[in-house]
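Quick notes on the structure that follows.
The values are calculated or read from the model by the stated rules, or taken from the named source; none is laboratory data. Note that the structure is a prediction, hence the values are computed from the model and not measured. Here the Cβ positions follow ideal geometry from the backbone for every residue, glycine too, while neighbour counts run over all protein chains shown. The area values use the complete protein model at the heavy-atom level, side chains included, leaving out ligands, DNA and RNA. Shrake-Rupley method; radii C 1.70, N 1.55, O 1.52, S 1.80 Å.
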Amino acid sequence: MAAGGPSVFLLMVNGQVESAQFPEFDNLYCKYCFVYGQDWAPTAGLEEGISQITSKSRDACQALVWNFPIDITFKSTNPFGWPQIVLSVYGPDVFGNDVVRGYGAVHVPFSPGRHKRTIPMFVPESTSKLQKFTSWFMGRRPEYTDPKVVAQGEGREDQPS
Amino acid sequence: MAEVHVIGQIMGATGFSESSLFCKWGVHTGAAWKLLSGIREGQTQVDTPQVGDMAYWSHPIDLHFATKGLQGWPRLHLQVWSQDSFGRCQLAGYGFCYVPSSPGTHQLACPTWRPLGSWREQLARAFVGGGPQLLHGDTIYSGADRYRLHTAAGGTVHLEIGLLLRHFDRYGVEC
């Protein structure tokens, strides 16, 4: 092992957002983006993407398949701030407005090889019943202005989901 | 100095009788350890499961420690609380687990317990809520005064923790 001095290493991530299970919703699309620390920088590939809109399959498992490619390479000197992939799923509500159906985040795996990750998705919820009704009616659900907050740990205690 | 990176998530909790749960977590280390980057403690959001009984937090943990010795290896301690519709919080369980010591990704399931009081306090907890809590949080991860407690089991907290070790071979530790 080389002693002393910061050394640069590369992390290449490729894969796909394969599919989702959302029992209550249909016609969904997803957006992904990466959140990483200050010592990291993407050197190749795309940092964000929006998938197609997909409908549920007719069989028993009711999967929503995107098969959406992810390809990015990072350069870093420090494992702190290891990249996380943040996914946001959107779909139409009863009135046709585009509302958020779930946010989720997971760290990119550490070890080389093939990995499969299943991410639970959550939606922010308003704490007052009146606001829940008006948001259902107007189609304006509570939504994060920047989905990247899902990848951070601070400030979560004030957000019910 | 040898370095340890703890990178992972508090995924969620199962097996609790209450439904809207949040978790306060912290990492305790010995005196030889120094936290270089990251936040040592935090609190997740409150999650109410819509499908199934697992409350998901997906709370990220990213810590970078430097150490001169193996004593005081990091321990993650957790307090799971439930919040009702009025905003009152009630303790659901305490738990702790050691951060793994081999590099790679690990799935951890941390069981939790909560203190039981006298039969009067248990009855009051069933009707009104509340219930005894620990005065000193370090009892969660230390065995010192545990013999005084009578506890009942809570649910399980699931974590996925990845570990990266650096420069341990300079100190003669094989990993």
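Residues in region B:1-34 that are part of a strand (DSSP E or B) and over 18 Å from the mean Cα position of the chain (by Cα): B:Ala2, B:Glu3, B:Val4, B:Trp33, B:Lys34. Answer yes if at least one residue in region A:129-151 is touching a residue at least 60 places away in the same chain (Cβ under 8 Å), closer than 15 Å to B:Gln9 by Cα and facing another protein chain (nearest Cβ under 10 Å), and no otherwise. Within region A:129-151, one or more residues are touching a residue at least 60 places away in the same chain (Cβ under 8 Å), closer than 15 Å to B:Gln9 by Cα and facing another protein chain (nearest Cβ under 10 Å). Checking each residue in region B:147-170 for being within 13 Å of chain A (Cβ to nearest Cβ) and of a type outside the set (Lys, Arg) picks out B:His158, B:Leu159, B:Glu160, B:Ile161, B:Gly162, B:Leu163, B:Leu164, B:Leu165, B:His167, B:Phe168, B:Asp169. Each residue in region B:38-66 was checked for being in contact with a Gly (Cβ under 8 Å, 6 or more places away or on another chain) and over 30 Å from A:Pro23 (Cβ atoms), and 7 of them qualify.
Matching residues to (1) of a type in the set (A, V, I, L, M); (2) closer than 20 Å to A:Pro112 by Cβ:
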position: A:Leu11; (1), (2): yes, yes
position: A:Lys31; (1), (2): no, no
position: A:Trp40; (1), (2): no, yes
position: A:Ala44; (1), (2): yes, yes
position: A:Glu47; (1), (2): no, no
position: A:Thr54; (1), (2): no, no
position: A:Ile72; (1), (2): yes, yes
position: A:Trp82; (1), (2): no, yes
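Elements of the type strands (runs of 3 or more DSSP E) sitting completely within region A:1-117 and holding at least 3 residues that are surrounded by 11 or more Cβ atoms within 10 Å (Cβ to Cβ) and in contact with a Pro (Cβ under 9 Å, 6 or more places away or on another chain): these cover A:9-20, A:29-35, A:64-76, A:84-92, A:98-107.
Taking residues in region A:9-30 that are under 20 Å from A:Gly81 (Cβ atoms) and β-branched (Val, Ile, Thr), and partners anywhere that are modelled with pLDDT of 90 or more and part of a strand (DSSP E or B), the pairs with Cβ atoms closer than 6 Å and at least 6 places apart or on different chains are A:Val13/A:Ile72. The residue that is farthest from the chain's Cα centre (by Cα), counting only those in region B:51-64 that are open to solvent by 10 Å² or more (accessible area, probe 1.4 Å) and more than 8 Å from chain A (Cβ to nearest Cβ), is B:Gly52.
When residues in region B:118-135 are screened for being of a type in the set (Phe, Trp, Tyr) and within 22 Å of B:Gln83 (Cβ to Cβ), 1 of them pass. Of all the criteria given as (1) within 14 Å of chain A (Cβ to nearest Cβ); (2) within 20 Å of B:Ile161 (Cα to Cα), the one not satisfied by B:Thr112 is (1). Filtered by the rule that a residue be within 11 Å of another protein chain (Cβ to nearest Cβ) and not β-branched (Val, Ile, Thr), region B:2-11 gives B:Glu3, B:His5, B:Gly8, B:Gln9, B:Met11. Among the strands (runs of 3 or more DSSP E) confined to region B:65-137, the ones with at least 2 residues that are open to solvent by less than 50 Å² (accessible area, probe 1.4 Å) and over 22 Å from B:Val46 (Cα atoms) are located at B:104-115. Just wondering, is there one or more residues in region A:138-148 that are of a type in the set (A, V, I, L, M, F, W, C) and either over 12 Å from B:Ser58 (Cβ atoms) or touching a helix residue (DSSP H, G or I) at 6+ places or on another chain (Cβ under 9 Å) (or both)? Within region A:138-148 (the criterion being of a type in the set (A, V, I, L, M, F, W, C) and either over 12 Å from B:Ser58 (Cβ atoms) or touching a helix residue (DSSP H, G or I) at 6+ places or on another chain (Cβ under 9 Å) (or both)), the answer is yes, since at least one residue qualifies.
The requirement of being over 24 Å from B:Ala153 (Cβ atoms) and among the aliphatic types (A, V, I, L, M) is satisfied by B:Ile61. Just need a number here: residues in region B:12-49 that are in contact with a strand residue (DSSP E or B) (Cβ under 6 Å, 6 or more places away or on another chain), open to solvent by 50 Å² or more (accessible area, probe 1.4 Å) and at the interface with chain A (Cβ under 9 Å from one of its Cβ atoms). Qualifying residue count, region B:12-49: 2.
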